[in-house]
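See structure below.
The values are calculated or read from the model by the stated rules, or taken from the named source; none is laboratory data. Because the structure is predicted, anything quoted here is derived from the model rather than measured. Cβ sites come from the backbone with ideal geometry, for glycine too, and all protein chains shown count toward neighbours.
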Amino acid sequence: MLRHTTIPPIHRIAGLSLVVIAIATSCSSTRASSSSATSVRSSSSAALVAPEAVPANPSAGCSAAVPVPAGESQVDLPEGSDARFYLRHVPPAHNGTTPIALIMDFHGYSEGAAIHEHMSALGPFGDEHDFVTITPQGQGVIPRWDFTIDSTDLAFIRHVLDNAEATLCIDENRVFVTGLSNGAFMTSVIACAMADRFAAASPVAGIRSVEGCDPSRSVPVIAFHGTADPFVAFDGSMGPAAAKLPAPDGSGRTLGEIGAVDPTAKGPTIPEITASWAQRNQCDESPSETVVASDVTLVQFTCPPGAEVELYRITDGGHTWPGSEFSKKIESIVGHTTDSISANELMWTFFLAHPLQPATSAN
């Protein structure tokens, strides 16, 4: 079932503190998962095909009688998914017969899909670069994601992807995932549990080590994180701002008031979490660092081809989406947003270089 949705104008939502992070149970989950993240995937010995030479893998929707037109729609999934929905942004390049890429984009804790579309702006970016953007809505009155490896949210995402591939002409070799904060936590889970369907991942302000992570292949990862993030702190703690977020029951209390956030509790740092992904992908232990701007450093591991792991460290950066105009409008809430880089441009370039291909589909 489809219905068109009207997205709230930016001036009505720019002041809302909805663009942030995950329910604080992530602290204990992240700490518990640090040991499981050390498992190492064996790498395929088969030679990789050059990214541009990987053929398209058409989805079932490429045979649809009537192509879905370009534009924005809300897609309701009432059966088997607790009456939930996702937002679908289809670019002009979608003609119903030529498979195109898809990026699934996850909102942060309490943010919701409609607001997050403004934050990432991947829909308009996809219009220019010929990919579909799918933005699912999280669970609950305070929209959020359960990022445990066997959660109902993961089942919901499988349903969303099935639906998108059945109704749109998608290149199943070029399906990617990204998200902000709690959405980055969910991105990390998907990279673990759905490596056979998502080619590469880009967690923004929230890369995680996931309890029970055992991907079927080495998943390429490009992450972004600010050193002054007040919600998901660079040192591994939940920042003090997280305690002020609304409790998930909608009672009006905060996460701090219900005891769900302990800013003094430390988990693995963002560099340590990124390194755990590199270890899983059989990369070298010591990364190189390249200054790409006065406030941005690329931390890059030497990895087997097709299994690259990168972290863009933003000096004094907040809980933000680099290059986002919307993020800049709410800096009083989330902290400094760099415009030295564009997360969209960097992740899209990375995604194009990492399609799913037979040589890496299983290890």
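Of the strands (runs of 3 or more DSSP E) that lie entirely inside the range 68-129, those containing 1 or more residues that are modelled with pLDDT of 95 or more and touching an Asp or Glu at 6+ places or on another chain (Cβ under 6 Å) span 84-90, 100-106.
Just one of the listed residues (THR290, THR264) is out of contact with any Asp or Glu (no Cβ under 9 Å at 6 or more places or on another chain) and in a strand (DSSP E or B), namely THR290. Scanning the range 138-169 for residues that are under 16 Å from the mean Cα position of the chain (by Cα) and assigned to a loop (DSSP other than H, G, I, E, B) yields GLY138, PRO143, TRP145, ASP146, PHE147, THR148, ILE149. Residues in the range 218-259 that are β-branched (Val, Ile, Thr) and buried (at least 24 other Cβ atoms within 10 Å of the Cβ): 4 in all.
Checked against (1) over 21 Å from MET119 (Cα atoms); (2) in contact with a Phe, Trp or Tyr (Cβ under 7 Å, 6 or more places away or on another chain); (3) without any contact (Cβ under 8 Å) to a residue 60 or more places away in the chain; (4) of a type in the set (Val, Ile, Thr), VAL296 passes all but condition (1).
Looking only at the range 301-352, which residues are outside any loop (DSSP other than H, G, I, E, B) and more than 19 Å from ALA199 (Cα to Cα)?
Matches in the range 301-352: TYR312, ARG313, ILE314, GLU325, PHE326, SER327, LYS328, LYS329, GLU331, SER332, ILE333, VAL334.
For the range 284-312, give me the residue count where each residue is farther than 16 Å from ALA353 by Cβ, surrounded by fewer than 22 Cβ atoms within 10 Å (Cβ to Cβ) and at pLDDT 95 or above. Residues meeting the conditions: 13.
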